[in-house]
1. Work out which helices of the chain, taken as complete DSSP H runs, extend at least 20 Å along their axis over the Cα atoms and score a mean Kyte-Doolittle of 1.0 or more, then list them.
2. Tell me, what is the FRET efficiency for TRP98 and ALA119 to the nearest 0.05, using R0 = 25 angstrom and their Cβ-Cβ distance as r?
3. So how far apart, in nm, are the two label points at ARG26 and SER4 if each is 7 Å from Cα heading toward Cβ?
4. With all protein chains present, how much of the accessible area of segment 15-150 (probe radius 1.4 Å) comes from carbon and sulfur, to the nearest whole percent?
5. Between rounded, prolate and oblate, where does segment 1-96 land on the alpha carbon gyration tensor, with a ≥ b ≥ c its root eigenvalues, rounded for a/c under 1.5, else prolate if a/b exceeds b/c?
6. At q = 0.13, 0.15, 0.16 Å⁻¹, what is the log10 ratio I(q)/I(0) for the chain, with the Debye formula run over Cα points and no solvent?
7. For a protection proxy built on the mean count of beta-carbon atoms within 10 angstrom, sort 124-136, 140-152 highest first, please.
8. Could you calculate the contour length gain from ALA55 to ALA33, that is, 0.36 nm times the residue separation minus the distance between their Cα atoms, to one decimal place in nm?
Amino acid sequence: MSGSLNIVVIIGVIALVFVRQFSAQRISSEGKAWWLIPVVLTVMALRQPGLVDPAHHMASGVLLGAEVLIGLACGAGWAWTTRIWTGDDGAVWTKGSWAAAGVWACGMALRVGLMGIAAVLGIHQGSAATLLSVAAMLLTRAGVTTWRAQGLQRTYRVPVAG
């Protein structure tokens, strides 16, 4: 897949997820495949040639690792700044906060900073590194949010009519 198509996929996934985070979303207890989109993005990233710059293996690998760590940290920050509550019927709901948007903004700034460092060092970083970072972010956010929601589902008690 071309780098241009990767960029379109990245922008589309980020836009969809970002917009959805500001509307209340019901978390299903059936264990939906919350990990599916991150796995697809990871496969797309790993299939790309040039994930690591062949002329700068070590530095490129370090930058790639830093990008994935930023994705993991942003996903965790996003999940912990997301509001989770139980509705009257016991359903668990989630909605992103403005703090979550701040986490996104910081993550993007850090990624742009890494791209700048790579450019100064003459290291080629393709869109596959960004795909991998976004996958890490989405996987971490979904996993932590699901884990937090399970805690609410276990503690919910059906009110007794009196």
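The values are calculated or read from the model by the stated rules, or taken from the named source; none is laboratory data. Model, not experiment: these values are computed from the prediction. Don't worry about glycine lacking a Cβ; one is built from the backbone with ideal geometry, like all the others, and counts go over all protein chains shown. With ligands, DNA and RNA removed, areas are computed over all heavy atoms of the protein, side chains included. Shrake-Rupley method; radii C 1.70, N 1.55, O 1.52, S 1.80 Å.
1. 3-21, 57-80, 98-121
2. 0.20
3. Label at ARG26, label at SER4, 4.2 nm between them.
4. 71
5. Judged from the Cα gyration tensor, segment 1-96 comes out prolate (a/c at least 1.5, a/b above b/c).
6. The calculated log intensity ratios at q = 0.13, 0.15, 0.16 Å⁻¹ are -0.65, -0.81, -0.90.
7. Averaged packing, sorted descending, gives the order 124-136, 140-152.
8. That works out to 4.1 nm of additional length.
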